[in-house]
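Colleague: The structure is given below, and queries will be raised subsequently.
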């Protein structure tokens, strides 16, 4: 039976590309049948990457059960995984996020969690000499994952390991990083096909602070004005999305990649208080700028206070 390799819900480029990369490695280098799967529709940047490198878009995985053997990548948070993940036979986990807890396995497993910016960076190291066997499409997927998660090295999560690998891959592929990253970010910034509610869920993670449940949503863009023009609709849909997703509040951060700052939407007094306590910000109106804030993992989630 084929191993199912998947990342988190609301898949971004890393959670789309890394399952493809690792499934290739298991099949071609370990001789173990494996299939990449997705827990949702990829965002526009991830779809661009799939098309750019001629990758096969993984099929959607609704849930898993006791007969499924799985490898989890790019998350260890059960809230972002299939409902019955603890019934499945999870044999490996590869991630770069803080440990959340709640994942229960049927036996000892291989776990690799490292403080780098991207899951694909870890995978390259785990492959060892087999990394040299990667075809162009897999190298392209790996480079794309790194540039996406590091925001072309702008994110504070970026390490020297991520940078060195990205530059090595780009040289092998004959690609200029700045030019290719610009193409990726242009694709990421085209959100015209998404409804306001879809934008709020597009790149989001559930997180609880002192009993208050949040959907922490981040939208990275090189065209913030396009999203700000939809502010009224996004503000309105925050309430309905929170109710539908059984959370207390949606926190929506619009990250301007080029200006290297975030704008937090402030629909009510709760979010105003969070902005002031968490980021030492002075809130006037329904938007607040957070200079230098670009990473949910390193700068937003750890800072949240209610």
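The values are calculated or read from the model by the stated rules, or taken from the named source; none is laboratory data. All of these numbers come straight from a predicted model, not from anything done at the bench. Neighbour counts are summed over all protein chains in view; Cβ atoms, including those assigned to glycine, are modelled from backbone coordinates with ideal geometry.
Colleague: Determine, yes or no, whether residue 79 is under 20 Å from residue 145 (Cβ atoms), in contact (Cβ under 8 Å) with a residue 24 or more places away in the chain and in the same structural domain as residue 147 (by TED's automatic domain parsing).
Modeller: No: the conditions fail for residue 79.
Colleague: Enumerate the strands (runs of 3 or more DSSP E) found wholly within region 25-137, keeping only those where 2 or more residues are more than 28 Å from residue 247 (Cα to Cα) and in contact with a helix residue (DSSP H, G or I) (Cβ under 6 Å, 6 or more places away or on another chain).
Modeller: Working: elements: 34-38, 69-73, 89-95, 110-113.
So the answer is 34-38.
Colleague: Follow-up question, since we're still on this one. Working only within region 197-217, note down all residues that are in contact with a helix residue (DSSP H, G or I) (Cβ under 6 Å, 6 or more places away or on another chain) and crowded, with 21+ Cβ neighbours inside 10 Å.
Modeller: 200, 217
Here's the yes/no breakdown for (1) closer than 22 Å to residue 91 by Cα; (2) in contact with a strand residue (DSSP E or B) (Cβ under 6 Å, 6 or more places away or on another chain):
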residue	(1), (2)
14	yes, no
18	yes, yes
24	yes, no
29	yes, no
36	yes, yes
46	no, no
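Colleague: Can you name every one of the helices (runs of 4 or more DSSP H) wholly within region 209-306 that holds 2 or more residues which are under 19 Å from residue 10 (Cβ atoms)?
Modeller: Where helices (runs of 4 or more DSSP H) fall fully within region 209-306 and carry at least 2 residues being under 19 Å from residue 10 (Cβ atoms), they are 231-244.
Colleague: If I ask for residues that are touching a helix residue (DSSP H, G or I) at 6+ places or on another chain (Cβ under 6 Å) and in a helix (DSSP H, G or I), which ones from region 141-160 would you list?
Modeller: 141, 142, 143, 144, 145, 146, 147, 148, 149, 150
Colleague: Count, please, the residues in region 3-52 that happen to be touching a residue at least 60 places away in the same chain (Cβ under 8 Å) and farther than 20 Å from residue 188 by Cβ.
Modeller: Residues flagged as touching a residue at least 60 places away in the same chain (Cβ under 8 Å) and farther than 20 Å from residue 188 by Cβ within region 3-52 amount to 9.
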